[in-house]
Amino acid sequence: MKAFYAEEQKRHDPKAFLSSGAPQPNPEKPERIERLLAGARSAGLTIERPGKHGLGPIAAVHSPEYLDFLEHIFPRWQRIEGASAEVIPNIHPIARNGSYPASAVGQAGYHMSDTACPISAETWNSALWSAWSAVEAAEAVMAGAPSAYALCRPPGHHAFADVAGGFCFINNSAVAAQVLRKNSARVAILDVDLHHGNGTQGIFYARPDVLTVSLHADPVRFYPFFWGHADERGEGPGLGYNLNLPLPRKSGDAPFLEALSTAFQRIRAFAPEALVVALGLDAFEGDPFGGLSVTTQGFSRIGEAIAGLGLPTVIVQEGGYLCDALGDNLTAFLTGFGGKQR
Ligand SMILES: [Zn+2]
């Protein structure tokens, strides 16, 4: 299996993070990349640098005003007297009414759902390359590879069409799915990250051509709180094309695999021609977020089960934070999935 990653993805190095109102070091650290690269290599994957793919595949799922904001907000923010070193919002619209603020502070609140996605000088470039890794993996699968892995960092599944959030700026899984749509009438996205893939759900919520399925810790008491509940089923022509499978906190391998088989029933009935796996590894029992209790062996079984769908598959890295087993968990998933044989 080919893997894609570019050095530029390491330069985004967020400092700020508020947890329950208290400043903490941001957990989405560049060091994650070293651990994940080691994990991918241990599974026998070869790492390749993606090419540049311009804004086209990104603009296919994100609004132009949002992309303009991401590209230009940092220098604009720096011109504000007394502003923070990173772009961090402090006011949000409760509901949008169509008006769009001209100020950097207003636009930060409009386009950022929380304080976990600070923007610095390198953020835009890192996010672009992360998305291009996803594009390259999708193109490899379209060219006939049975699967490909995109080491996307910064991650993407909390990014909506025009909103950043939860360490995410460009929704890499959504970008990959939209690229796959060129060759496939129906694409499914299976999100196994600890957190609900709210941005991905939002992007495809009204569409019947991309099925979105997410397994995650129950948001009734867990980030992202406002999305990820079982009654969110899609809207308009997309009604019935979104499936949320919230799990009780600390659920381990057995309930996770059981929910996965429910996900597979829906995916098989949808009969997709290609699959995107939004691969968070933060459902791990030792992950600092502590939401679920999947084991390293569990990730191997999850990988094996997903491979059993027999679909052309793009694996897109989402969460998974610094802990001793982060690399091992990726190795376990990729090896279970079929590793270099696929
Ligand atoms: Zn996560």
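Numbers at a glance
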read-out: Count of residues meeting criterion [among the β-branched types (V, I, T) and within 11 Å of the ligand (Cβ to nearest atom)] in the range 161-201; value: 1
read-out: Sole exception among (1) outside any strand (DSSP E or B); (2) touching a helix residue (DSSP H, G or I) at 6+ places or on another chain (Cβ under 7 Å) for A148, by number; value: (1)
read-out: Failed item, numbered, when F225 is tested on (1) closer than 29 Å to Y100 by Cβ; (2) within 15 Å of the ligand (Cβ to nearest atom); (3) open to solvent by 10 Å² or more (accessible area, probe 1.4 Å); (4) touching a residue at least 24 places away in the same chain (Cβ under 8 Å); value: (4)
read-out: Enumeration of residues in the range 105-131 that are farther than 16 Å from G165 by Cβ and in contact with a strand residue (DSSP E or B) (Cβ under 8 Å, 6 or more places away or on another chain); value: S120
read-out: Long-range neighbours under 6 Å by Cβ, at least six apart or interchain, first residue among the small types (G, A, S) within the range 320-339, second within 16 Å of the ligand (Cβ to nearest atom); value: G320/G280; G320/L281; G320/D282; G320/L326; A325/G286; G327/R35; A332/F299
read-out: Residue pairs meeting the criteria (Cβ under 9 Å; at least 6 apart or on separate chains; first β-branched (V, I, T), in the range 142-167; second modelled with pLDDT of 95 or more and within 13 Å of the ligand (Cβ to nearest atom)); value: V163/G199
read-out: Residue among W124, W132 that is within 14 Å of R49 (Cβ to Cβ) and either touching a Ser or Thr at 6+ places or on another chain (Cβ under 9 Å) or touching a residue at least 12 places away in the same chain (Cβ under 8 Å) (or both); value: W132
read-out: Single unsatisfied condition, W77 versus (1) surrounded by 14 or more Cβ atoms within 10 Å (Cβ to Cβ); (2) in contact (Cβ under 8 Å) with a residue 24 or more places away in the chain; (3) within 23 Å of the chain's Cα centre (by Cα); value: (3)
read-out: Residue check for L334: more than 16 Å from the ligand (Cβ to nearest atom) and buried (at least 18 other Cβ atoms within 10 Å of the Cβ); value: yes
read-out: Count - residues of the range 124-160 that are of a type in the set (S, T, Y) and within 16 Å of the ligand (Cβ to nearest atom); value: 1
read-out: Any hit, the range 229-252, residues being closer than 28 Å to A3 by Cα, touching a helix residue (DSSP H, G or I) at 6+ places or on another chain (Cβ under 7 Å), touching a residue at least 40 places away in the same chain (Cβ under 8 Å) and within 16 Å of the ligand (Cβ to nearest atom); value: no
read-out: Tally, over the range 288-325, of residues that are within 16 Å of the ligand (Cβ to nearest atom), crowded, with 24+ Cβ neighbours inside 10 Å and not in a loop (DSSP other than H, G, I, E, B); value: 6
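Conditions (1) within 18 Å of G319 (Cβ to Cβ); (2) assigned to a strand (DSSP E or B); (3) open to solvent by less than 70 Å² (accessible area, probe 1.4 Å); (4) of a type in the set (A, V, I, L, M, F, W, C), marked per residue:
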residue	(1), (2), (3), (4)
H12	yes, no, yes, no
K15	no, no, no, no
L37	yes, no, yes, yes
G44	no, no, yes, no
I47	no, yes, yes, yes
P57	no, no, yes, no
L67	no, no, yes, yes
E71	no, no, no, no
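Table: residues versus (1) open to solvent by less than 20 Å² (accessible area, probe 1.4 Å); (2) outside any helix (DSSP H, G or I).
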residue: Q178; (1), (2): no, no
residue: H229; (1), (2): no, yes
residue: L245; (1), (2): no, yes
residue: T262; (1), (2): no, no
residue: I267; (1), (2): yes, no
residue: L275; (1), (2): yes, yes
residue: G286; (1), (2): no, yes
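The values are calculated or read from the model by the stated rules, or taken from the named source; none is laboratory data. These numbers were taken from a predicted model, which means no experiment stands behind them. Ideal geometry is used to build each Cβ from the backbone, glycine not excepted, and the neighbour counts take in all protein chains shown. The area values use the complete protein model at the heavy-atom level, side chains included, leaving out ligands, DNA and RNA. Shrake-Rupley method; radii C 1.70, N 1.55, O 1.52, S 1.80 Å.
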